[in-house]
Amino acid sequence: MNKDVFKSIQKAVGVSIQLSPKMQKALREWSKAYTNESVWINEEVESLNLPATVASEISRLVTVESVIKISGSKRADYIDKQLNNFRINKKDIIEMACALGGIIFKPFVLNDKVIIDYIYQDEMIPFSFDSNKNITGIIFPSYKIEKNRVYTRLEIHNFSVENYTIENKAFVSKNTRLNDGMITDIGSEIPLTEVDEWKNINPSVVIKGLDAPLYSYFKIPVANNIDRKSPLGVSVYARAIKEIKKADIQWARIDWEYESKEAAIDVDESCIETDIYGSKILPRGQGRLFRTYKSETMAGEKRLFNYYSPEIRDQSFFNGLDKIFKRIEYNCSLAYGTISDPTNVDKTAEEIKTSKQRSYQLVSDIQSSLENALNELIRVIDDLCDIYNLAPSGNYDVSYKWDDSIIIDAEKEKLQDMQEVNNGLMPKWKYKVKWQGLTEEQAKAEIADEVEEGIEYGV
(Lines give C-alpha, C1' and ligand atoms only; values in the text may rest on other atoms or scores of the structure.)
Protein backbone atom coordinates (compact mmCIF):
# COMPACT_ATOMS: atom_id res chain seq x y z
CA MET A 1 0.00 0.00 0.00
CA ASN A 2 1.53 3.36 -1.01
CA LYS A 3 1.88 6.56 0.99
CA ASP A 4 -0.69 8.45 -1.11
CA VAL A 5 -3.38 5.94 -0.14
CA PHE A 6 -2.45 6.32 3.54
CA LYS A 7 -2.77 10.09 3.35
CA SER A 8 -6.10 9.87 1.56
CA ILE A 9 -7.52 7.37 4.08
CA GLN A 10 -6.14 9.25 7.07
CA LYS A 11 -7.83 12.44 5.88
CA ALA A 12 -11.16 10.71 5.14
CA VAL A 13 -11.40 8.86 8.46
CA GLY A 14 -9.77 11.44 10.72
CA VAL A 15 -7.32 9.14 12.49
CA SER A 16 -3.55 9.14 12.83
CA ILE A 17 -2.18 6.04 11.12
CA GLN A 18 0.47 4.31 13.23
CA LEU A 19 2.62 3.07 10.39
CA SER A 20 5.91 4.88 9.87
CA PRO A 21 7.33 5.58 6.40
CA LYS A 22 10.10 3.08 7.19
CA MET A 23 7.58 0.31 7.88
CA GLN A 24 5.52 1.23 4.82
CA LYS A 25 8.65 0.98 2.66
CA ALA A 26 9.67 -2.32 4.28
CA LEU A 27 6.23 -3.86 3.76
CA ARG A 28 6.36 -2.96 0.05
CA GLU A 29 9.87 -4.38 -0.18
CA TRP A 30 8.94 -7.71 1.46
CA SER A 31 5.80 -8.04 -0.65
CA LYS A 32 7.62 -7.39 -3.92
CA ALA A 33 10.44 -9.75 -2.95
CA TYR A 34 7.93 -12.53 -2.29
CA THR A 35 6.34 -12.11 -5.75
CA ASN A 36 9.74 -11.80 -7.52
CA GLU A 37 9.22 -8.11 -8.31
CA SER A 38 12.14 -6.58 -6.41
CA VAL A 39 13.63 -3.41 -7.91
CA TRP A 40 16.79 -5.22 -9.07
CA ILE A 41 14.87 -7.84 -11.08
CA ASN A 42 15.02 -7.14 -14.83
CA GLU A 43 15.74 -8.84 -18.16
CA GLU A 44 19.34 -9.48 -17.16
CA VAL A 45 18.81 -10.39 -13.49
CA GLU A 46 16.18 -13.06 -12.84
CA SER A 47 14.88 -13.96 -9.39
CA LEU A 48 16.03 -17.18 -7.72
CA ASN A 49 12.72 -17.11 -5.79
CA LEU A 50 14.65 -17.09 -2.51
CA PRO A 51 12.15 -15.05 -0.40
CA ALA A 52 9.29 -17.43 -1.20
CA THR A 53 11.63 -20.40 -0.64
CA VAL A 54 12.65 -19.14 2.80
CA ALA A 55 9.06 -18.37 3.84
CA SER A 56 7.84 -21.72 2.50
CA GLU A 57 10.48 -23.73 4.34
CA ILE A 58 9.87 -22.00 7.66
CA SER A 59 6.12 -22.46 7.22
CA ARG A 60 6.66 -26.14 6.50
CA LEU A 61 8.72 -26.58 9.66
CA VAL A 62 6.09 -24.75 11.70
CA THR A 63 3.04 -26.60 10.41
CA VAL A 64 4.23 -30.11 9.51
CA GLU A 65 2.11 -32.76 11.23
CA SER A 66 0.51 -30.12 13.47
CA VAL A 67 -2.87 -30.87 15.02
CA ILE A 68 -5.36 -28.37 16.49
CA LYS A 69 -8.31 -29.82 18.39
CA ILE A 70 -11.17 -28.09 20.22
CA SER A 71 -13.41 -30.23 22.42
CA GLY A 72 -15.59 -30.24 25.52
CA SER A 73 -19.11 -29.29 24.43
CA LYS A 74 -21.42 -28.72 21.46
CA ARG A 75 -20.10 -25.15 21.32
CA ALA A 76 -16.58 -26.57 21.13
CA ASP A 77 -17.58 -28.93 18.32
CA TYR A 78 -19.08 -26.02 16.37
CA ILE A 79 -15.95 -23.87 16.80
CA ASP A 80 -13.72 -26.81 15.85
CA LYS A 81 -15.62 -27.25 12.58
CA GLN A 82 -15.16 -23.57 11.68
CA LEU A 83 -11.38 -24.07 11.66
CA ASN A 84 -11.42 -26.72 8.93
CA ASN A 85 -10.54 -24.22 6.20
CA PHE A 86 -7.54 -23.04 8.21
CA ARG A 87 -6.40 -26.63 8.76
CA ILE A 88 -6.55 -27.39 5.04
CA ASN A 89 -4.67 -24.24 3.98
CA LYS A 90 -2.51 -23.62 7.04
CA LYS A 91 0.86 -24.00 5.29
CA ASP A 92 0.01 -21.43 2.59
CA ILE A 93 -1.53 -19.05 5.13
CA ILE A 94 1.48 -19.21 7.45
CA GLU A 95 3.91 -18.96 4.51
CA MET A 96 2.55 -15.57 3.46
CA ALA A 97 2.44 -14.42 7.08
CA CYS A 98 6.13 -15.36 7.35
CA ALA A 99 6.83 -13.38 4.19
CA LEU A 100 4.96 -10.22 5.23
CA GLY A 101 5.57 -10.24 8.99
CA GLY A 102 2.07 -11.05 10.20
CA ILE A 103 -1.59 -11.64 9.45
CA ILE A 104 -4.98 -10.72 10.86
CA PHE A 105 -7.55 -13.48 11.37
CA LYS A 106 -10.91 -11.70 10.99
CA PRO A 107 -13.95 -14.00 11.28
CA PHE A 108 -17.41 -12.98 10.11
CA VAL A 109 -20.77 -14.73 10.01
CA LEU A 110 -22.41 -15.86 6.78
CA ASN A 111 -25.44 -18.17 6.68
CA ASP A 112 -24.90 -19.35 10.26
CA LYS A 113 -21.29 -20.24 9.51
CA VAL A 114 -18.14 -18.45 10.56
CA ILE A 115 -15.87 -17.54 7.64
CA ILE A 116 -12.31 -16.53 8.44
CA ASP A 117 -10.90 -13.66 6.41
CA TYR A 118 -7.09 -13.68 6.19
CA ILE A 119 -5.73 -10.13 5.93
CA TYR A 120 -1.98 -9.84 5.56
CA GLN A 121 0.08 -7.14 7.16
CA ASP A 122 0.45 -5.09 3.96
CA GLU A 123 -3.35 -4.98 3.56
CA MET A 124 -4.26 -3.48 6.95
CA ILE A 125 -3.85 -0.02 8.46
CA PRO A 126 -3.41 0.14 12.27
CA PHE A 127 -4.11 3.42 14.02
CA SER A 128 -4.05 2.62 17.76
CA PHE A 129 -2.40 0.21 20.20
CA ASP A 130 -2.79 -0.48 23.93
CA SER A 131 0.00 -0.51 26.55
CA ASN A 132 0.77 -4.15 25.70
CA LYS A 133 1.22 -3.25 22.02
CA ASN A 134 -1.98 -5.04 21.00
CA ILE A 135 -3.76 -3.52 17.99
CA THR A 136 -6.94 -1.82 19.22
CA GLY A 137 -7.71 0.36 16.19
CA ILE A 138 -7.41 -0.90 12.64
CA ILE A 139 -8.75 -0.15 9.14
CA PHE A 140 -9.42 -2.86 6.57
CA PRO A 141 -9.69 -1.42 3.03
CA SER A 142 -11.38 -3.26 0.17
CA TYR A 143 -11.71 -2.16 -3.44
CA LYS A 144 -13.93 -2.60 -6.46
CA ILE A 145 -13.27 -1.24 -9.97
CA GLU A 146 -16.31 -0.71 -12.19
CA LYS A 147 -16.97 1.54 -15.20
CA ASN A 148 -13.71 3.48 -14.90
CA ARG A 149 -14.38 4.17 -11.23
CA VAL A 150 -12.73 2.82 -8.12
CA TYR A 151 -14.96 2.10 -5.13
CA THR A 152 -13.30 1.82 -1.72
CA ARG A 153 -14.84 0.47 1.47
CA LEU A 154 -13.13 1.14 4.78
CA GLU A 155 -14.07 -1.16 7.65
CA ILE A 156 -12.90 0.64 10.80
CA HIS A 157 -12.56 -1.29 14.07
CA ASN A 158 -12.02 0.68 17.27
CA PHE A 159 -11.88 -1.19 20.58
CA SER A 160 -12.05 0.21 24.10
CA VAL A 161 -13.13 -1.25 27.44
CA GLU A 162 -16.45 0.62 27.24
CA ASN A 163 -17.39 0.15 23.59
CA TYR A 164 -16.32 -1.73 20.51
CA THR A 165 -17.31 0.13 17.35
CA ILE A 166 -17.24 -1.07 13.77
CA GLU A 167 -17.84 1.55 11.09
CA ASN A 168 -18.12 1.08 7.35
CA LYS A 169 -17.55 3.96 4.94
CA ALA A 170 -17.68 3.90 1.13
CA PHE A 171 -15.82 6.17 -1.31
CA VAL A 172 -15.63 6.55 -5.08
CA SER A 173 -12.86 7.94 -7.22
CA LYS A 174 -12.51 8.55 -10.95
CA ASN A 175 -8.76 8.41 -10.48
CA THR A 176 -8.00 4.89 -11.64
CA ARG A 177 -4.23 5.28 -11.52
CA LEU A 178 -2.67 2.37 -9.71
CA ASN A 179 0.48 2.49 -7.62
CA ASP A 180 1.77 -0.86 -6.29
CA GLY A 181 -1.61 -2.31 -7.20
CA MET A 182 -3.51 0.27 -5.16
CA ILE A 183 -5.33 3.48 -6.02
CA THR A 184 -3.68 6.76 -5.10
CA ASP A 185 -6.81 8.58 -3.90
CA ILE A 186 -10.00 7.06 -2.45
CA GLY A 187 -12.06 10.05 -3.64
CA SER A 188 -15.38 11.26 -2.22
CA GLU A 189 -17.58 9.52 0.37
CA ILE A 190 -20.80 7.91 -0.86
CA PRO A 191 -23.56 5.83 0.79
CA LEU A 192 -22.85 2.10 1.07
CA THR A 193 -26.11 1.48 -0.80
CA GLU A 194 -24.58 2.75 -4.05
CA VAL A 195 -22.59 -0.48 -4.37
CA ASP A 196 -24.66 -3.65 -4.65
CA GLU A 197 -22.18 -5.81 -2.74
CA TRP A 198 -22.15 -3.36 0.18
CA LYS A 199 -25.78 -2.23 0.36
CA ASN A 200 -26.67 -4.63 3.21
CA ILE A 201 -23.67 -3.71 5.37
CA ASN A 202 -24.48 -1.79 8.54
CA PRO A 203 -22.72 1.61 8.50
CA SER A 204 -22.11 1.53 12.25
CA VAL A 205 -22.24 -1.14 14.97
CA VAL A 206 -21.57 -0.68 18.69
CA ILE A 207 -20.94 -3.77 20.83
CA LYS A 208 -20.61 -3.74 24.60
CA GLY A 209 -19.21 -6.32 26.98
CA LEU A 210 -16.31 -7.60 24.90
CA ASP A 211 -12.89 -8.14 26.43
CA ALA A 212 -10.99 -7.83 23.13
CA PRO A 213 -11.56 -6.96 19.45
CA LEU A 214 -13.27 -9.31 17.01
CA TYR A 215 -10.05 -10.17 15.21
CA SER A 216 -6.77 -11.86 16.06
CA TYR A 217 -3.25 -10.81 15.08
CA PHE A 218 -0.58 -13.42 14.32
CA LYS A 219 2.80 -11.75 14.53
CA ILE A 220 6.07 -13.22 13.34
CA PRO A 221 8.21 -13.11 16.52
CA VAL A 222 11.33 -11.49 15.05
CA ALA A 223 12.61 -8.27 16.60
CA ASN A 224 11.65 -5.25 14.53
CA ASN A 225 14.92 -3.52 13.62
CA ILE A 226 13.21 -1.54 10.85
CA ASP A 227 11.19 0.57 13.28
CA ARG A 228 11.98 -0.22 16.93
CA LYS A 229 8.85 1.58 18.17
CA SER A 230 6.51 -0.37 15.92
CA PRO A 231 4.65 -3.32 17.49
CA LEU A 232 4.26 -4.97 14.08
CA GLY A 233 6.13 -8.11 13.05
CA VAL A 234 8.77 -8.34 10.36
CA SER A 235 9.36 -10.76 7.50
CA VAL A 236 11.42 -13.88 8.17
CA TYR A 237 13.77 -12.72 5.40
CA ALA A 238 13.82 -9.03 6.40
CA ARG A 239 17.48 -9.24 7.48
CA ALA A 240 18.58 -11.00 4.31
CA ILE A 241 17.24 -8.66 1.60
CA LYS A 242 20.72 -7.40 0.64
CA GLU A 243 22.09 -10.94 0.44
CA ILE A 244 19.08 -12.06 -1.62
CA LYS A 245 19.86 -9.25 -4.07
CA LYS A 246 23.49 -10.37 -4.24
CA ALA A 247 22.44 -13.97 -4.88
CA ASP A 248 20.16 -12.98 -7.77
CA ILE A 249 22.95 -10.87 -9.31
CA GLN A 250 25.50 -13.65 -8.78
CA TRP A 251 23.21 -16.09 -10.58
CA ALA A 252 22.99 -13.63 -13.48
CA ARG A 253 26.80 -13.63 -13.61
CA ILE A 254 26.82 -17.43 -13.79
CA ASP A 255 24.21 -17.36 -16.53
CA TRP A 256 26.27 -14.86 -18.50
CA GLU A 257 29.44 -16.90 -17.94
CA TYR A 258 27.87 -19.90 -19.67
CA GLU A 259 26.31 -17.82 -22.43
CA SER A 260 29.44 -15.79 -23.19
CA LYS A 261 31.72 -18.84 -23.16
CA GLU A 262 29.50 -20.93 -25.42
CA ALA A 263 31.65 -22.79 -27.95
CA ALA A 264 31.60 -21.39 -31.49
CA ILE A 265 33.44 -21.63 -34.80
CA ASP A 266 34.24 -18.33 -36.52
CA VAL A 267 34.32 -19.00 -40.27
CA ASP A 268 35.41 -16.77 -43.12
CA GLU A 269 32.17 -15.96 -44.96
CA SER A 270 33.88 -16.75 -48.23
CA CYS A 271 33.92 -20.41 -47.16
CA ILE A 272 30.15 -20.60 -46.63
CA GLU A 273 27.83 -21.28 -49.54
CA THR A 274 24.77 -19.09 -50.06
CA ASP A 275 21.34 -19.91 -51.42
CA ILE A 276 19.62 -18.13 -54.30
CA TYR A 277 18.47 -15.43 -51.88
CA GLY A 278 21.97 -14.72 -50.62
CA SER A 279 21.45 -16.33 -47.19
CA LYS A 280 24.30 -18.38 -45.71
CA ILE A 281 23.81 -22.16 -45.83
CA LEU A 282 25.03 -23.57 -42.52
CA PRO A 283 25.01 -27.24 -41.44
CA ARG A 284 21.49 -28.31 -40.49
CA GLY A 285 20.85 -28.05 -36.73
CA GLN A 286 24.23 -26.41 -36.09
CA GLY A 287 23.55 -22.83 -37.07
CA ARG A 288 24.14 -21.73 -33.49
CA LEU A 289 27.69 -23.13 -33.58
CA PHE A 290 28.92 -21.16 -36.60
CA ARG A 291 29.61 -17.43 -36.75
CA THR A 292 30.69 -15.83 -40.03
CA TYR A 293 33.03 -12.90 -40.48
CA LYS A 294 34.89 -11.04 -43.20
CA SER A 295 38.54 -12.03 -43.04
CA GLU A 296 41.45 -9.64 -43.24
CA THR A 297 44.35 -10.27 -45.60
CA MET A 298 47.60 -10.87 -43.74
CA ALA A 299 50.73 -11.37 -45.80
CA GLY A 300 48.58 -12.28 -48.80
CA GLU A 301 46.76 -15.10 -46.96
CA LYS A 302 43.24 -15.40 -45.55
CA ARG A 303 42.23 -16.68 -42.10
CA LEU A 304 39.69 -19.43 -42.86
CA PHE A 305 38.33 -20.23 -39.38
CA ASN A 306 38.92 -19.85 -35.67
CA TYR A 307 37.60 -22.16 -32.92
CA TYR A 308 36.22 -20.25 -29.90
CA SER A 309 36.01 -22.27 -26.65
CA PRO A 310 37.41 -20.39 -23.61
CA GLU A 311 37.60 -21.93 -20.17
CA ILE A 312 34.44 -21.53 -18.07
CA ARG A 313 35.02 -20.21 -14.55
CA ASP A 314 31.79 -21.65 -13.19
CA GLN A 315 33.19 -23.28 -10.05
CA SER A 316 34.47 -20.03 -8.55
CA PHE A 317 31.12 -18.38 -9.31
CA PHE A 318 29.19 -21.23 -7.70
CA ASN A 319 31.45 -21.13 -4.64
CA GLY A 320 30.68 -17.44 -4.27
CA LEU A 321 26.95 -18.07 -4.65
CA ASP A 322 27.06 -20.81 -2.02
CA LYS A 323 28.70 -18.45 0.47
CA ILE A 324 25.90 -15.94 -0.16
CA PHE A 325 23.36 -18.72 0.42
CA LYS A 326 24.98 -19.44 3.80
CA ARG A 327 24.70 -15.77 4.77
CA ILE A 328 21.00 -15.87 3.85
CA GLU A 329 20.56 -19.01 5.98
CA TYR A 330 22.29 -17.32 8.91
CA ASN A 331 20.24 -14.12 8.66
CA CYS A 332 16.98 -16.07 8.30
CA SER A 333 17.76 -18.51 11.16
CA LEU A 334 17.79 -21.49 8.80
CA ALA A 335 20.10 -24.46 9.30
CA TYR A 336 23.12 -24.59 7.00
CA GLY A 337 22.32 -26.77 3.99
CA THR A 338 18.70 -25.65 3.73
CA ILE A 339 19.47 -23.46 0.71
CA SER A 340 23.22 -23.88 0.33
CA ASP A 341 24.90 -27.05 -0.91
CA PRO A 342 24.81 -29.52 2.03
CA THR A 343 27.83 -31.36 0.61
CA ASN A 344 29.92 -28.19 0.56
CA VAL A 345 30.64 -28.10 4.28
CA ASP A 346 33.06 -25.37 5.24
CA LYS A 347 31.59 -24.94 8.72
CA THR A 348 32.68 -26.66 11.89
CA ALA A 349 30.43 -29.20 13.56
CA GLU A 350 29.74 -26.69 16.31
CA GLU A 351 28.70 -24.02 13.79
CA ILE A 352 26.33 -26.46 12.06
CA LYS A 353 24.87 -27.51 15.42
CA THR A 354 24.37 -23.86 16.40
CA SER A 355 22.63 -23.13 13.08
CA LYS A 356 20.21 -26.00 13.70
CA GLN A 357 19.50 -24.71 17.20
CA ARG A 358 18.73 -21.24 15.74
CA SER A 359 16.27 -22.87 13.36
CA TYR A 360 14.67 -24.88 16.18
CA GLN A 361 14.31 -21.73 18.28
CA LEU A 362 12.71 -19.69 15.48
CA VAL A 363 10.23 -22.47 14.66
CA SER A 364 9.37 -22.89 18.34
CA ASP A 365 8.84 -19.13 18.77
CA ILE A 366 6.59 -18.95 15.69
CA GLN A 367 4.55 -21.92 16.91
CA SER A 368 4.10 -20.23 20.29
CA SER A 369 3.00 -16.99 18.60
CA LEU A 370 0.63 -18.94 16.37
CA GLU A 371 -0.90 -20.66 19.39
CA ASN A 372 -1.59 -17.28 20.99
CA ALA A 373 -3.17 -15.97 17.78
CA LEU A 374 -5.32 -19.08 17.33
CA ASN A 375 -6.45 -18.88 20.96
CA GLU A 376 -7.61 -15.34 20.26
CA LEU A 377 -9.27 -16.45 17.00
CA ILE A 378 -11.16 -19.17 18.87
CA ARG A 379 -12.19 -16.61 21.49
CA VAL A 380 -13.54 -14.36 18.71
CA ILE A 381 -15.54 -17.23 17.18
CA ASP A 382 -16.91 -17.97 20.65
CA ASP A 383 -17.98 -14.31 20.99
CA LEU A 384 -19.65 -14.46 17.56
CA CYS A 385 -21.54 -17.57 18.70
CA ASP A 386 -22.97 -15.50 21.56
CA ILE A 387 -23.74 -12.45 19.42
CA TYR A 388 -25.46 -14.39 16.61
CA ASN A 389 -26.71 -17.37 18.69
CA LEU A 390 -24.84 -19.82 16.45
CA ALA A 391 -24.35 -22.67 18.94
CA PRO A 392 -25.40 -23.62 22.49
CA SER A 393 -23.31 -22.15 25.30
CA GLY A 394 -20.56 -24.35 26.64
CA ASN A 395 -16.92 -24.49 27.64
CA TYR A 396 -14.16 -25.57 25.30
CA ASP A 397 -10.66 -27.00 25.63
CA VAL A 398 -7.98 -26.32 23.02
CA SER A 399 -5.04 -28.66 22.42
CA TYR A 400 -2.10 -28.23 20.06
CA LYS A 401 0.30 -30.86 18.84
CA TRP A 402 3.44 -29.91 16.95
CA ASP A 403 6.02 -32.16 15.32
CA ASP A 404 8.60 -32.41 18.14
CA SER A 405 11.32 -33.68 15.80
CA ILE A 406 11.41 -30.24 14.21
CA ILE A 407 11.84 -28.14 17.34
CA ILE A 408 13.72 -30.52 19.64
CA ASP A 409 17.47 -30.88 19.24
CA ALA A 410 18.36 -34.58 18.91
CA GLU A 411 21.09 -34.31 21.54
CA LYS A 412 18.68 -32.72 24.00
CA GLU A 413 16.14 -35.44 23.25
CA LYS A 414 18.79 -38.11 23.84
CA LEU A 415 19.72 -36.54 27.16
CA GLN A 416 16.06 -36.41 28.12
CA ASP A 417 15.68 -40.12 27.32
CA MET A 418 18.75 -40.88 29.44
CA GLN A 419 17.13 -39.17 32.39
CA GLU A 420 13.89 -41.08 31.83
CA VAL A 421 15.80 -44.39 31.85
CA ASN A 422 17.59 -43.44 35.06
CA ASN A 423 14.26 -42.47 36.62
CA GLY A 424 12.63 -45.71 35.50
CA LEU A 425 10.25 -43.96 33.08
CA MET A 426 11.67 -45.64 29.95
CA PRO A 427 12.79 -49.29 29.58
CA LYS A 428 16.51 -49.62 28.88
CA TRP A 429 15.90 -51.75 25.80
CA LYS A 430 13.79 -49.00 24.23
CA TYR A 431 16.65 -46.57 24.67
CA LYS A 432 19.03 -48.97 22.89
CA VAL A 433 16.56 -49.50 20.04
CA LYS A 434 16.06 -45.75 19.58
CA TRP A 435 19.64 -44.52 19.91
CA GLN A 436 21.87 -47.52 19.12
CA GLY A 437 19.95 -48.94 16.17
CA LEU A 438 19.38 -52.35 17.73
CA THR A 439 16.32 -54.50 17.26
CA GLU A 440 14.12 -55.13 20.29
CA GLU A 441 15.46 -58.70 20.53
CA GLN A 442 19.10 -57.57 20.33
CA ALA A 443 18.58 -54.80 22.92
CA LYS A 444 16.92 -57.13 25.44
CA ALA A 445 19.62 -59.78 24.89
CA GLU A 446 22.38 -57.20 25.55
CA ILE A 447 20.73 -56.07 28.77
CA ALA A 448 20.29 -59.69 29.88
CA ASP A 449 24.00 -60.35 29.23
CA GLU A 450 25.02 -57.26 31.19
CA VAL A 451 22.85 -58.23 34.14
CA GLU A 452 24.17 -61.79 34.05
CA GLU A 453 27.75 -60.55 34.07
CA GLY A 454 26.94 -58.26 36.96
CA ILE A 455 27.57 -55.17 34.93
CA GLU A 456 25.52 -52.22 36.00
CA TYR A 457 23.95 -50.72 32.91
CA GLY A 458 24.04 -46.97 32.74
CA VAL A 459 23.14 -44.57 29.99
Where the centre of each part is set by its Cα atoms, how far does region 363-432 sit from region 18-58, in angstrom? 33 Å
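Tell me, what is the per residue accessible area of region 1-136 in Å², probe radius 1.4 Å?
On the way: 6500 Å² over 136 residues.
The answer is 48 Å² per residue.
What trypsin sites (Lys or Arg not before Pro) does region 2-85 have in DSSP loop regions with at most 14 other beta carbons within 10 Å?
Details: sites: Lys3, Lys7, Lys11, Lys22, Lys25, Arg28, Lys32, Arg60, Lys69, Lys74, Arg75, Lys81; in loops: none.
When the trypsin sites (Lys or Arg not before Pro) of region 2-85 are filtered for loop state and at most 14 Cβ neighbours within 10 Å, nothing remains.
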Hits in region 216-234: amide N under 18 Å from the 7 Å Cα→Cβ extension of Ile115, namely 216
Here, Lys242 and Lys412, labelled 7 Å along Cα→Cβ, have an inter-label distance in nm of 3.1 nm
So how do 324-330, 337-343 stack up, highest first, on mean other-Cβ count within 10 Å? 324-330, 337-343
According to a simple spin-label model (label point 7 Å from Cα along Cα-to-Cβ), what is the distance in nm between Ser131 and Asn163? 2.4 nm
What FRET efficiency comes out for Ala212 versus Glu37 if R0 is 45 angstrom and r is the Cβ-Cβ distance? Round to the nearest 0.05. 0.80
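Which peptide among 314-322, 380-388 comes first, and what is the full order, when sorted by highest mean count of other Cβ atoms within 10 Å?
Details: 314-322: 14.0, 380-388: 18.4.
In descending order of packing, they fall as 380-388, 314-322.
In whole percent, and with a 1.4 Å probe on the protein chains, what portion of the accessible area of region 128-239 is carbon and sulfur?
Answer for region 128-239 is 45 percent, counting heavy atoms of protein chains only.
For a protection proxy built on the mean count of beta-carbon atoms within 10 angstrom, sort 234-245, 150-161 highest first, please.
On the way: 234-245: 22.5, 150-161: 19.3.
Output ranking for 234-245, 150-161: 234-245, 150-161.
Pull out a ≥ b ≥ c, the square roots of the eigenvalues of the alpha-carbon gyration tensor of region 26-125, then state rounded if a/c is under 1.5, prolate if not and a/b is larger than b/c, and oblate in the remaining case. Write down the numbers at each step before the final one.
Numbers: a/c = 3.65, a/b = 2.11, b/c = 1.73.
Because a/c hits 1.5 or more and a/b exceeds b/c, region 26-125 counts as prolate.
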Could you tell me which of the pairs Lys81/Lys147; Lys219/Lys430; Lys90/Lys246; Lys113/Lys219; Lys401/Lys428; Lys326/Lys434 are separated by over 29 angstrom between their Cα atoms in the structure shown? Lys81/Lys147; Lys219/Lys430; Lys90/Lys246; Lys326/Lys434
Once you place label points 7 Å from the Cα toward the Cβ at Gln442 and Arg228, how far apart are they in nm? 5.7 nm
Can you give the FRET efficiency to the nearest 0.05 for Asp449 and Asp404, using r as the Cβ-Cβ distance and R₀ = 22 Å? 0.10
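The values are calculated or read from the model by the stated rules, or taken from the named source; none is laboratory data. Everything numeric in this text was worked out from a predicted model, so none of it was measured. Reconstructed Cβ throughout: ideal geometry from the backbone, glycine too, with neighbour counts over all protein chains shown. Remember, those area values only see protein heavy atoms, side chains included, never the ligands or the DNA or RNA. Shrake-Rupley method; radii C 1.70, N 1.55, O 1.52, S 1.80 Å.
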